[in-house]
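A short worksheet on the structure shown next.
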Amino acid sequence: DAKTTQPNSMESNEEEPVHLPCNHSTISGTDYIHWYRQLPSQGPEYVIHGLTSNVNNRMASLAIAEDRKSSTLILHRATLRDAAVYYCILRDMGNYQLIWGAGTKLIIKP
Amino acid sequence: DSGVTQTPKHLITATGQRVTLRCSPRSGDLSVYWYQQSLDQGLQFLIQYYNGEERAKGNILERFSAQQFPDLHSELNLSSLELGDSALYFCASSRSFNEQFFGPGTRLTVL
């Protein structure tokens, strides 16, 4: 299974944009890039996913490098409620399985 | 609220015992997944069921088993429990490849 590498933790100020990086140098052509987050004492929740093109939804944006070896999750205006562990996950096309890494703990400072 | 329910929320038991965790997926979701999350760790995929059939297996111990019933709810059975089985157990459901919806989890403590 292809692996992802993320920083252990990041800090950001409230109401500022946050860029969460993820490296996936061994990604294959059929791997989707998924992001989930886990708020304290809760189950994970889906954030966004993409294959090749950048993606936007109401929660975040996903910027995928042209060679697909890295991606960045962008929270446009972080709030205290965005403090969570963010997981970058690769999923093979046609496969439901998600293989989770350690994630990035995002700390939001008021 | 994801629409996925898990019972019980907390479970405290002794080593050597057997427990059953229950999961009700979102209405219409055919896939159910089980994950284990030990303290301050990422999630470990255990097993997936799709419409009653086992679809994929991850790092599930032989002491653990699961099934999905005709009404699509699922149960995870953990037997001969050890201290190291203490963890959060999450159930998730989905109807597509794109998004899994997670329940609130069951916290298992083995004493």
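See the values below:
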| quantity | calculated |
| --- | --- |
| Cross-chain or 6+ apart pairs with Cβ under 9 Å, the stretch A:84-104 first and farther than 16 Å from A:E11 by Cα, then outside any loop (DSSP other than H, G, I, E, B) and acidic (D, E) | A:L90/A:D31; A:R91/A:D31; A:D92/A:D31; A:M93/A:D31 |
| Residue match in the stretch B:62-71 (condition: within 10 Å of B:S31 (Cβ to Cβ), within 14 Å of chain A (Cβ to nearest Cβ), outside any loop (DSSP other than H, G, I, E, B) and without any contact (Cβ under 8 Å) to a residue 12 or more places away in the chain) | no |
| Test: B:S80 is in contact (Cβ under 8 Å) with a residue 40 or more places away in the chain, surrounded by 21 or more Cβ atoms within 10 Å (Cβ to Cβ) and more than 10 Å from chain A (Cβ to nearest Cβ) | no |
| Looking only at the stretch B:85-102, and only at residues there that are in a loop (DSSP other than H, G, I, E, B), farther than 19 Å from B:I60 by Cα and not hydrophobic (A, V, I, L, M, F, W, C), the one that is farthest from the other protein chains (Cβ to nearest Cβ) | B:R95 |
| The stretch B:41-61, residues that are among the hydrophobic types (A, V, I, L, M, F, W, C) and within 13 Å of chain A (Cβ to nearest Cβ) | B:L43, B:F45, B:L46, B:I47, B:A56, B:I60 |
| Any hit, the stretch B:45-61, residues being touching a residue at least 12 places away in the same chain (Cβ under 8 Å), among the small types (G, A, S) and surrounded by fewer than 16 Cβ atoms within 10 Å (Cβ to Cβ) | yes |
| Residue within the stretch A:71-81 that is among the basic types (K, R), in contact (Cβ under 8 Å) with a residue 24 or more places away in the chain, closer than 24 Å to B:D1 by Cα and in contact with a Phe, Trp or Tyr (Cβ under 8 Å, 6 or more places away or on another chain) present | no |
| Residues located in the stretch B:1-40, provided they are facing chain A (nearest Cβ under 10 Å), assigned to a loop (DSSP other than H, G, I, E, B) and touching a residue at least 12 places away in the same chain (Cβ under 8 Å) | B:S2, B:V4 |
| Test for A:Y86: is it more than 11 Å from every other protein chain (Cβ to nearest Cβ), out of contact with any Asp or Glu (no Cβ under 6 Å at 6 or more places or on another chain) and surrounded by 13 or more Cβ atoms within 10 Å (Cβ to Cβ) | yes |
| Hits in the stretch B:72-84 (condition: under 18 Å from B:S2 (Cβ atoms) and either touching a Gly at 6+ places or on another chain (Cβ under 6 Å) or part of a strand (DSSP E or B) (or both)) | B:S74, B:L76 |
| Listing of strands (runs of 3 or more DSSP E) fully contained in the stretch A:67-110 that carry 2 or more residues being polar (S, T, N, Q) and farther than 27 Å from B:R95 by Cβ | A:70-75 |
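Residue-by-condition table, conditions (1) modelled with pLDDT of 95 or more; (2) more than 10 Å from the chain's Cα centre (by Cα):
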residue	(1), (2)
A:W35	yes, no
A:Q42	no, yes
A:V47	yes, no
A:S61	yes, no
A:I64	yes, yes
A:S71	yes, no
A:I74	yes, no
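The values are calculated or read from the model by the stated rules, or taken from the named source; none is laboratory data. It should be emphasised that the depicted structure is a prediction, and the values quoted were computed from it without experimental measurement. Positions of Cβ are generated from backbone atoms using ideal geometry, with glycine treated the same way; all protein chains shown enter the neighbour counts.
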